[in-house]
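Below: the structure, in structure tokens.
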Amino acid sequence: MKSLEQLVRPNIWKLAPYSSARDEYSGKEAHVFLDANENPYGAPYNRYPDPLQRELKKQISKVKGIPEDMIFLGNGSDEAIDLPYRIFCQPGRDNVVAIEPTYGMYRVCADINDVEYRPVLLDEHYDFKAADLLAACDSHTKLIWICSPNNPTGNSLNRDEMLKVIQDFEGIVIIDEAYSDFSKQQTFRSELAAHPNLIVLNTMSKAWALAGIRLGMAFASKDIISIYNKVKYPYNVNILTQQQALETLKDPFEIDRWVKTLLGERARLMQAFQELPICEKVYPTDANFFLAKMTDAQGIYNYLVDKGIIVRNRSRIQLCNNCLRITIGLKSENNELLAALRQF
Ligand SMILES: *Cc1c(COP(=O)(O)O)cnc(C)c1O
């Protein structure tokens, strides 16, 4: 790996971050806060939130097994995805490499930041070779994006190949593990200590059932996390979000039960799809959704919309010709979908 100083944009490396009122006193017990121009009425939301979300990180650290100073919390994964562009990529000069097809936000953030995006097509099993990703890199490649289990394909990628990318690439490798709670594959989150150029993303939006509160996570070396903290908005995670996340983290067993139920429903739904005459293929998945190749994805999609059932039409995406992406819902919702498809 190149040094962080070589990888980080010079202006960011030199940046003096905003110092909030609450940053400036520390350690001492205090009870009169007249430093931040807050309104003394309307507690508790009259106060600015903790910019570093210390209480919440303490709990996440326990659940995820990652030290607190290796955790960044953001306004959804969206923020954790956008920040590496702003930290590492010089607009109009640097580029990033990513598997294709994958989650759309990596490209959108590249476009917003005026950073060249270099997609590398997966093979027919929706998997990849490290050598192909590395061959797409040049001296201006700062980031490589990998998503496993991948969206929209659902499968986990080959672990040895991911490891090769991490070991052989001189820049930063970002592995998005948004769906890892649904998978039995060993996470890269648990191996951060061995890889100083690795960033792993997690989210509260999927297995944790908190898409509405917008809480995403990046796990990485303490040095990378401290740069994330320098560049983020000072109060990027609001009090309501922090409180609700803490509340949910108190009962991780409920999450385990949801995941088990969803995996059972997934197996049932995939089996039923395989038996539908309008379904040509169901792809293997490690996530809370699966991809199905249909005889007429667009026609079936429109038919379902008419019945008030919305699935994701991925048929215009490369390698996903005629594919629908089906999220696993409640048993009753899954049954409604099946009943509709059987009448198509
Ligand atoms: C759903 C999803 C996310 C979650 O994004 P949030 O902004 O945290 O809701 C992240 N990555 C992938 C690949 C996803 O599919």
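The values are calculated or read from the model by the stated rules, or taken from the named source; none is laboratory data. This structure is a prediction, so every number in the text was calculated from the model and none was measured. Here Cβ is always computed from backbone atoms with ideal geometry, including for glycine, and neighbour counts include all displayed protein chains. Side chains are part of the model used for accessible areas, which takes the heavy atoms of the whole protein and leaves out ligands, DNA and RNA. Shrake-Rupley method; radii C 1.70, N 1.55, O 1.52, S 1.80 Å.
Examine region 147-154 for a residue that is under 30 Å from residue 251 (Cβ atoms), among the small types (Gly, Ala, Ser) and in a helix (DSSP H, G or I), and state whether such a residue exists. No - not one qualifying residue is present in region 147-154. Scanning region 263-285 for residues that are touching a Phe, Trp or Tyr at 6+ places or on another chain (Cβ under 7 Å) and open to solvent by 40 Å² or more (accessible area, probe 1.4 Å) turns up just one, 263. Of the set (1) in a loop (DSSP other than H, G, I, E, B); (2) surrounded by fewer than 23 Cβ atoms within 10 Å (Cβ to Cβ), all apply to residue 192 but (1).
State yes or no: is residue 339 without any contact (Cβ under 8 Å) to a residue 24 or more places away in the chain and surrounded by fewer than 18 Cβ atoms within 10 Å (Cβ to Cβ)? Considered against the rule, which asks whether it is without any contact (Cβ under 8 Å) to a residue 24 or more places away in the chain and surrounded by fewer than 18 Cβ atoms within 10 Å (Cβ to Cβ), residue 339 comes out as yes. With respect to (1) open to solvent by 50 Å² or more (accessible area, probe 1.4 Å); (2) more than 21 Å from residue 101 (Cα to Cα), the lone exception for residue 318 is condition (2). Against the conditions (1) open to solvent by 60 Å² or more (accessible area, probe 1.4 Å); (2) under 30 Å from residue 167 (Cα atoms); (3) among the basic types (Lys, Arg), residue 2 satisfies every one except (1). For region 195-225, a residue qualifies if it is surrounded by fewer than 16 Cβ atoms within 10 Å (Cβ to Cβ) and without any contact (Cβ under 8 Å) to a residue 40 or more places away in the chain, and the qualifying residues are 211, 212. Inspection of region 199-221 finds a residue satisfying the criterion of being more than 16 Å from the ligand (Cβ to nearest atom), touching a helix residue (DSSP H, G or I) at 6+ places or on another chain (Cβ under 9 Å) and not aliphatic (A, V, I, L, M). One residue stands out among those in region 126-139 that are touching a strand residue (DSSP E or B) at 6+ places or on another chain (Cβ under 6 Å) and in a loop (DSSP other than H, G, I, E, B): the one that is surrounded by the fewest Cβ atoms within 10 Å (Cβ to Cβ), which is 136. Within region 248-259, identify whether any single residue is under 22 Å from residue 177 (Cβ atoms), among the acidic types (Asp, Glu) and in contact (Cβ under 8 Å) with a residue 60 or more places away in the chain, and answer yes or no. There is no residue in region 248-259 that is under 22 Å from residue 177 (Cβ atoms), among the acidic types (Asp, Glu) and in contact (Cβ under 8 Å) with a residue 60 or more places away in the chain. Contact map, region 87-107: first residue over 20 Å from residue 134 (Cα atoms) and open to solvent by 10 Å² or more (accessible area, probe 1.4 Å), second residue charged (D, E, K, R) and assigned to a helix (DSSP H, G or I), Cβ cut-off under 6 Å, separation 6 or more or different chains; the map is empty. When you check residue 326 against the structure, is it aliphatic (A, V, I, L, M) and farther than 19 Å from residue 183 by Cβ, yes or no? Answer is no for this residue.
Scanning region 117-125 turns up at least one residue that is of a type in the set (Ser, Thr, Tyr), farther than 18 Å from residue 177 by Cα and either assigned to a helix (DSSP H, G or I) or over 13 Å from the mean Cα position of the chain (by Cα) (or both). Considering only region 66-106, state which residues are of a type outside the set (A, V, I, L, M, F, W, C) and within 12 Å of the ligand (Cβ to nearest atom). Result: 74, 75, 76, 77, 78, 79, 82, 101, 102, 103, 104, 106. For the residues 87, 99, 66, the requirement of being assigned to a loop (DSSP other than H, G, I, E, B), among the hydrophobic types (A, V, I, L, M, F, W, C) and modelled with pLDDT of 95 or more singles out 66.
Just one of the listed residues (164, 142, 184) is open to solvent by 10 Å² or more (accessible area, probe 1.4 Å), more than 16 Å from the ligand (Cβ to nearest atom) and within 24 Å of residue 330 (Cα to Cα), namely 184.
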